Every structure is written in C-alpha cells, then in structure tokens.
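The values are calculated or read from the model by the stated rules, or taken from the named source; none is laboratory data. Here the structure is a predicted model, which means the values were calculated and not measured. Positions of Cβ are backbone-derived with ideal geometry, glycine not excepted, and every protein chain shown enters the neighbour counts. In case anyone asks, the SASA skips ligands and DNA or RNA and just uses the protein heavy atoms, side chains included. Shrake-Rupley method; radii C 1.70, N 1.55, O 1.52, S 1.80 Å.
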Amino acid sequence: MKAAVFHGAKDIRVENVADPTDVGEFDVLLKPYWCGVCGTDLHEYAMGPIVIPSSPHPLNGSTAPQILGHEFSAEIVDIGRGVTHLSPGQRVSVMPLLFCGVCYYCRRGLNHLCQKMACVGLSFAWGGIAELAIVPASHVSVLPDGVSDLQGALVEPGAVAAYGVDTAQVRPGDSVLITGAGPIGALASLYAASLGANVFISEVNPVRAALARSLDVGEVLDPTQLDVAAYLKDRNEGVGVDAVIECSGNERALNTAIAAVRSAGRVSQTGLHTRPAAIDPMVLSEHDITLSGTWCYPVTDWPRIVDLIARGRYPVEKVVSAQIAMEDVVDKGFETLLSPSGDQVKVLVNAR
C-alpha cells in the first residue's frame, strides 16, 4: 500500500509499504479518508526526529521510519474478534493518543499526560496518511450522518482548540482574544464564538488574517498596525478582555496576551513554543492573572466534539484552505506550509 513515511528531517517519502495483516483482538483495520498536516508534523519534517522515536518507544517499541498522520477520518474495513461495538463500513474519527493506563497520571484520568504516551502517526506502527491503518478499537468514534469525512479529520485539532478555550474558562458574554490565526487559532475562534463569547483575533500574516475574517466570528486585528492590548482595553471598559487563548507560540504574542487580559483574567497557552519566552511574572501577581498551559486534550472528548460538529455549532471545515493528493504531501503540504510566502493555513491529504 502507499503511505507517507518519515525517514528524517526533510526526508518524507510517499512509498509502498507492507499492508497491515493481523488485526488484533481489540483493534480495527481502517481505510483512511482524509488526514491533516499538523504543526507537530511540520516540526518533525523541518528539524526531526523530535517526537518520532529514534530508538524503540517505551510504550510500544515503535521507531523511525514512521508512517505519518494523526488527524484523520476513516472507514472500518475489519474488526478484531473482541470488538463488539463497531462494524465494517462505519465511518470513524481517530483519537490518536496512546497511553499505558497504569502510570500516576493515567490512574487519575489524565491520560493525555501519560508518562509513556505515544501517538498514532508519530510513535506507532501506523498512521493516517496511508491507504490502510490499524488502531485500537477504543480509540475511534463513529461519525453520524451529519458529519462529513472531511470534518471527521478535523476532530483532533478541533479538540486541541476546544481544550485551550475550556482551560481559560470562557463563558457566554466573555470578551476573548485569540492570538494567532493558524489552524488552532482559527478553530479556537470558532469554538469560543460557539460559546457566546465576543471574539477578537490578532494575526500578522495576511493569508491567515484573511481566513480569520472569512470565519465571521469577530474583529481581526493586525498587531503591526496597532497596540492590540491598548485597543482592547479601550473596547472593554479600560480593563481588557476576560480571557486570551494564545495560539501563536511566540514571545511577543504571549506578552500581548498578558497585557491585554483584565485583572483576575485567564490566559491559556495553547500554541507550542519552540524556544523559551521571557515574561514579567510580577504582572501576573499584580493583576491576579492565571496563566495556564495546555497539552493535547482530554482523551474522552471525541464524542462531545463530534456532536458539536454534527449540530452545526462547530464548523471546523471552515479552516481548511487546501485539499491535496497523497503524492503531493511534500511539495503542496509540508513545503508550502513551512514557506514564509506559503498561501495555505490548513491542508488535508486525501489518503484514498
């Protein structure tokens, strides 16, 4: 079968690999439909291996080369003999986090913080940018008729964005700043708006800013043209916004977030920083600001996110800027998304 395989930095090959054969007792064999290219995938391509293991992973023994893809929808082709709640032919979305179930965090229901965590498409035998894949049956959620195959591939990044907003405790009527309108920022904007928040989006990249405007969920601000924090204080009784979801992962945006949020407000650091960032902790103390990090999402969140999409409350498909064939995943996917002049925000790969 064809698959997009990571061999090393700047070395992803669409090549023939052996088909999966033995479906485990509690596994399902899938035929992937659509798979997103994630920021984590981009980091691996540019500088990896980072998350992809170079030596056997402690949870499952996986190692590079790695079939990529952890944001995907699929059709069930076959099921293991112990699987009773799923059937061949059903459409599903895959929750890719793999956890031990016995470590300190797993025993407390914090499986996304598992001390041996692995991930389908990053540290597992299979991934979603392939014609076939095997995953645990416990890690798929059936898609109702109201959710398309394409939307099903966006449940994973949708869950990341939702967790960021939920961590900031956003409520109806809150004013919320989203810093960065990449895929997660755009999804966070949609999710915050669905909660009834008054959304503002800060984005310097004109392509991403244009996509943010197309979402029609709130005002889009250019931080190179105005002082975002001062502007939002003027708009919100001189105190600032109730919450900020920081999705860009850069120092300037984080400091804007802290400056823009009101006293006793909440900042959720959802974008991943690839280098250290300096802040003034005294500002947090003086203004009683809560700064919280987020990592992935609760592993039980899939049914809720799928339901929000099905009811039209979370139109995740609006963030997709391109749909490409597997053969084009490097040139039209990774290279375009990493290029400073790239014209895409969220790229989905057709694995069929």
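Can you list residue pairs whose Cβ atoms sit under 6 Å apart, with the first residue in the range 248-273 being over 20 Å from Val51 (Cα atoms) and of a type in the set (Asp, Glu) and the second being open to solvent by 30 Å² or more (accessible area, probe 1.4 Å) and not in a strand (DSSP E or B)? Count only pairs 6 or more apart in sequence or on different chains.
From residues that are over 20 Å from Val51 (Cα atoms) and of a type in the set (Asp, Glu), the pairs are Glu251/Ala277.
Quick test of your reading of the structure: Ile52 fulfils all but one of (1) open to solvent by 40 Å² or more (accessible area, probe 1.4 Å); (2) part of a loop (DSSP other than H, G, I, E, B); (3) within 21 Å of Cys114 (Cβ to Cβ). Name the failing condition by number.
(1)
Consider Leu337 carefully, then state whether it is open to solvent by less than 40 Å² (accessible area, probe 1.4 Å), part of a helix (DSSP H, G or I) and within 29 Å of Val5 (Cα to Cα).
yes
Return yes when Val220 is open to solvent by less than 70 Å² (accessible area, probe 1.4 Å), in contact with a Lys or Arg (Cβ under 6 Å, 6 or more places away or on another chain) and modelled with pLDDT of 95 or more and no when it is not.
Against the criterion (open to solvent by less than 70 Å² (accessible area, probe 1.4 Å), in contact with a Lys or Arg (Cβ under 6 Å, 6 or more places away or on another chain) and modelled with pLDDT of 95 or more), Val220 qualifies.
Based on this model, can you work out whether Ile76 counts as under 27 Å from Glu335 (Cα atoms), buried (at least 17 other Cβ atoms within 10 Å of the Cβ) and among the aliphatic types (A, V, I, L, M)?
no
Val102 passes all but one of (1) of a type in the set (A, V, I, L, M, F, W, C); (2) within 25 Å of Ala18 (Cβ to Cβ); (3) in a loop (DSSP other than H, G, I, E, B); which number fails?
(2)
If the requirement is being crowded, with 19+ Cβ neighbours inside 10 Å, modelled with pLDDT of 95 or more and over 19 Å from the mean Cα position of the chain (by Cα), which of these qualifies: Ala125, Ala130, Ala118?
Only one candidate qualifies: Ala130.
Could you please let me know if Ser62 is under 21 Å from Glu15 (Cα atoms) and open to solvent by 10 Å² or more (accessible area, probe 1.4 Å)?
Yes; evaluated as a whole, the condition is true for this residue.
Please verify whether the range 299-309 includes one or more residues that are in contact with a Ser or Thr (Cβ under 8 Å, 6 or more places away or on another chain) and within 26 Å of Asp242 (Cβ to Cβ).
Yes, some residue in the range 299-309 is in contact with a Ser or Thr (Cβ under 8 Å, 6 or more places away or on another chain) and within 26 Å of Asp242 (Cβ to Cβ).
If we scan the range 318-334, do we find a residue that is at positive phi, in contact with a Gly (Cβ under 9 Å, 6 or more places away or on another chain) and modelled with pLDDT of 95 or more?
Looking through the range 318-334, none of the residues is at positive phi, in contact with a Gly (Cβ under 9 Å, 6 or more places away or on another chain) and modelled with pLDDT of 95 or more.
Filter the range 296-323 down to the residues that are in a strand (DSSP E or B) and more than 20 Å from His43 (Cα to Cα) and list them by number.
Hit for the range 296-323 is Gln323, nothing else.
Any idea which of Val102, Val83, Val155, Val94 is open to solvent by 20 Å² or more (accessible area, probe 1.4 Å) and among the aliphatic types (A, V, I, L, M)?
Val102
Given the options Arg108, Arg81, Arg91, name the one that is without any contact (Cβ under 8 Å) to a residue 24 or more places away in the chain and among the basic types (Lys, Arg).
Only one candidate passes the filter, namely Arg108.
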